[in-house]
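Report on the following structure.
Any read-out appearing in this document is the output of simple, stated calculations on the displayed coordinates, not a laboratory observation. Treat the numbers as computed from the prediction; the structure is a model and nothing was measured.
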Amino acid sequence: MSGKAEPVSVRILDREYTVGVDAEGRDALMAAARILDGKMREIRGANRMAAVDRVAVLAALNLAHELQELRAREAEIERSLDALERKLDSLPG
């Protein structure tokens, strides 16, 4: 059961944001903020003058692409497991 959302502060690219999250989701939110911060820093690189909104959009696009690849890989694994299960079910015994 999820609890009441409470404000949590995260720092992303040297800016602080407050997000409401329940106690169960706090660790996942903090981990997500660290991933986003790292991706944004990677994209910004040494260009400290890069527009934050552009860096944020590029980071989001990169993370969405990674998510899409993981989902495709998961679907491929599930298809392989289904095929293996059908083969095992067809074995005599």
* Asked: Considering the chain as a Gaussian network with a 10 Å cut-off on Cα pairs, which listed residue, ARG79, ARG26, ARG44, attains the greatest mean-square fluctuation?
  -> ARG79
* Structure fact -> the chain, Gaussian network, Cα under 10 Å: of LEU70, LEU36, LEU61, the residue fluctuating most is LEU70
* Structure fact -> Quick numbers on segment 25-79, Rg and Dmax over C-alpha atoms in Å, give 14.0, 46
* Asked: For segment 68-75, in order, what is each residue's ³J(HN,Hα) by Karplus, 6.51 cos²θ - 1.76 cosθ + 1.60 with θ = phi - 60°, in whole Hz (x at glycine and Pro)?
  -> 4, 4, 5, 5, 5, 5, 4, 5
* Output ³J(HN,Hα) for segment 22-37: one whole-Hz value per residue in order, computed from phi by the Karplus curve 6.51 cos²θ - 1.76 cosθ + 1.60 with θ = phi - 60°, and x for Gly and Pro. => 7, 4, 5, x, 4, 4, 5, 5, 4, 5, 4, 5, 5, 5, 4, 4
* **Overall Cα dimensions of the chain, principal axis frame, Å, largest first** => 66, 37, 14
* Comparing ILE12, ILE77, ILE43, which has the greatest mean-square fluctuation in the GNM of the chain with Cα pairs linked when under 10 Å apart? -> ILE77
